[in-house]
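A short worksheet on the structure shown next.
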Amino acid sequence: MGTTKSLRERERERGKMRYGGGKRRRVALKPFFVLCVSVTGFGLLVLSLRLLDAPASSTVPLSRASSSSSEFNTSSKNGSRVKGVVAVRRVGEKPCKTVEEMGEDFTSGVGKKESLRVRRMIQNHFLANGASRVRDFPPEQFCRHGFVLGKASEAGFGNEMYKVLTAAALSIMLNRSLIIGQTRGKYPFGDYISYSNFTFTVKEIKHLWRHKGCESKYGRKLVMRIDDFMKPVETNVICSNWKKWKQPIIWFQGTVDSVAAQFFLKNMHSQMRTAALNLFGDPQVLGLRPNVFGELMRVLISPSEDVEAAVNWVIGGGENPDISLHMRMLMHRSGRAVQAVLHCLNKAMRSQHLMSSRPKVVVVSDTPAVVKSIMYMSNLSEFVEVLHFDYDKYRGSMFKGLHITDSRRRDWGTAPRWVAFVDFFLASRAKYATISGAHRRVGTTYAQLVAALSAAYNLGISAIHSAYSRDMSGSRFIFLSSFQSNLLTDGLKNQRGWGHVWNRYAGPLSCRKQGNQCAFTPVLPSAWWDGLWQSPIPRDINRLASYGIKLSALGTVDKDSLKNHCKKKKNVVRTITFKL
């Protein structure tokens, strides 16, 4: 019972910690003494005491006034929880939020101060651990040095790029150098993306290991430790102190979104938690978190010459676009989605004070018919100048093959594969806002990375390529999500993919049957449910359980249970030794 009580107290404290929360209002004692007399059982007494002490500002959700293990099961006949609902409603509380209300934490755009701090951290890291410096280390120092491998295939761009970016983030947390894996001598998406010279290849590391005598002279074999995030029973992401791993190379496998790297925020070892907190910021202060992945991309990748030529062809030598609009439609033509996103476009223009001008809006989508329906929308051209990469008309030095296979046509669209990279770097030039709309799931990994890179380019300090470098220090960059009402019939419940930006808001605190929504959106998606209005769906509670993490219906981690899990967990060590 003591454990249950401590959990409830933590839920209550989480309600009190809301950023910008209102004043506390005390609830009258007498009705609750009457209630305590009328009910039996120590558990209901604890619940009543929590109601007595819960904050009562209009922004505190019902979940913070009730902490039974089955919050928000509206069909339940549990009398105590019904009384809790009545108590909350009596003081004017609202039990859920719309997407727009949940997005109020992000109205200020990207956290500039924190992003600049992380930018300096990233720059200092790669100056100290970049390939140009490390390859000149004396043999003994080089052979003691550590590396992190980022290896991706050429599947979906968003998921695969997150594998590289997660490795880069881990290299910072562990103070190691970054290796980008190659396949048959080619970088991932190497025909479309250029990588910075801060990184190594496995081939070069093997050569240097042999050349500097790491194995022959110092007896240090080139061993790589592999940890697979997709195997919950085996992964050491929560229970192990990775800073103490001795293997020269670490490969954190299966990291297809922003979640895996942020799992270290709950690692059982303070060294790892501190390293993650320094990089990703406080997950409870949602509106001030840094643009980590955007800043990493800004340093590590740039468009190939052919892709940049295509981008410049679209822009035509004029100003960069003001707003980018990404529509993930999966070959569907949805009038509702188009109407909702046009409302969101209007909101972006008003928010960024662009109504008096005729802003440039670049439209990218996996479904060409949707692009055309937006471009030829009646009267739209009177207010905005619409840009789009029409690859059929492009005659530059670009790839003529690499068409989408039939098996991926519905997922990626009908355009040649390279078009997605032109669209990506074209959209990332937007100066003021990125808008994400969709047929089903909003804020995909592709849209997240477009927004993140755009925000990084617009932060104001010189970037790598002049075409992408802008002094926007007086403005803010915003990320908006457009939802048509039919996506919100059950609230955000169907935004259930772990990589989608609104997944951590998909639980019972999301209102059902919402109208069209245009919500300010985090550029750094949350991996946990630490925010006041974040709550998990049952599917995610079960998934966390497979990692040994007991998650409440409100998203609170049971730390005692996690400690016990880590004590009992078998330490799985998978390694491979390279032949030099």
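The values are calculated or read from the model by the stated rules, or taken from the named source; none is laboratory data. Computed from a predicted structure; not experimentally measured. Note that we place each Cβ from the backbone using ideal geometry, even for glycine, and neighbour counts take in every protein chain shown. Protein only, heavy atoms only, side chains kept; ligands, DNA and RNA dropped before computing areas. Shrake-Rupley method; radii C 1.70, N 1.55, O 1.52, S 1.80 Å.
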Where a ≥ b ≥ c are the square roots of the eigenvalues of the C-alpha gyration tensor, would you call segment 275-361 rounded, which needs a/c under 1.5, or, failing that, prolate if a/b is larger than b/c, or oblate? oblate
Ranking request for peptides 181-191, 481-491: highest mean number of other beta-carbon atoms within 10 Å first, then the rest in descending order. 481-491, 181-191
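Starting with the highest mean, order 318-326, 297-305 by the number of other Cβ atoms within 10 Å, averaged over the residues of each peptide.
Put in order of decreasing packing, that is 318-326, 297-305.
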Compute the length gained on full extension between S561 and N124: take 0.36 nm times their separation in residues and subtract their Cα-Cα distance, giving the result in nm to one decimal. 153.5 nm
How large is the accessible surface per residue of segment 513-580, computed with a 1.4 Å probe and reported in Å² as a whole number? 46 Å²
Could you give the accessible area per residue of segment 156-227, probe 1.4 Å, as a whole number in Å²? 39 Å²
Which loop-located trypsin sites (Lys or Arg not before Pro) does segment 497-580 contain, where loop means any DSSP state but H, G, I, E or B and the Cβ has at most 11 other Cβ atoms within 10 Å? K513, K570, K579
Label-point separation in nm, E385 to V573, each point 7 Å along Cα→Cβ: 6.2 nm
Pop out the carbon and sulfur fraction of the accessible area of segment 172-212 as a percent, whole number, probe 1.4 Å. 45 percent
For segment 493-514 and segment 353-388, what is the separation of their Cα centres, given in Å? 28 Å
Ignoring ligands, DNA and RNA, what percent of the 1.4 Å accessible area of segment 284-368 is carbon and sulfur? 48 percent
Residue-level accessible surface for F142, protein heavy atoms, 1.4 Å, Å²: 0 Å²
When all protein chains stay in place, what accessible area (Å², nearest 10, 1.4 Å probe) is found for C96? 30 Å²
Exposure of D390 as accessible area (Å², to 10), given a probe of 1.4 Å and all protein chains: 50 Å²
Let me check something: with ligands and nucleic acids excluded, how do S171, S194 order by accessible area (1.4 Å probe), largest to smallest? S194, S171
Shape call for segment 284-325 from the C-alpha gyration tensor, a ≥ b ≥ c root eigenvalues: rounded (a/c under 1.5), prolate (a/b greater than b/c) or oblate? oblate
For segment 244-373, accessible area per residue (1.4 Å probe, heavy atoms of protein chains only), Å²: 35 Å²
Heads up, segment 141-274 by the C-alpha gyration tensor (a ≥ b ≥ c square roots of eigenvalues; a/c under 1.5 rounded, else a/b over b/c prolate, else oblate) looks oblate
For K203, list the lysines whose Cα falls under 16 Å from its own Cα; do not include residues on the same chain fewer than 8 positions away. K151, K186, K212, K221, K579
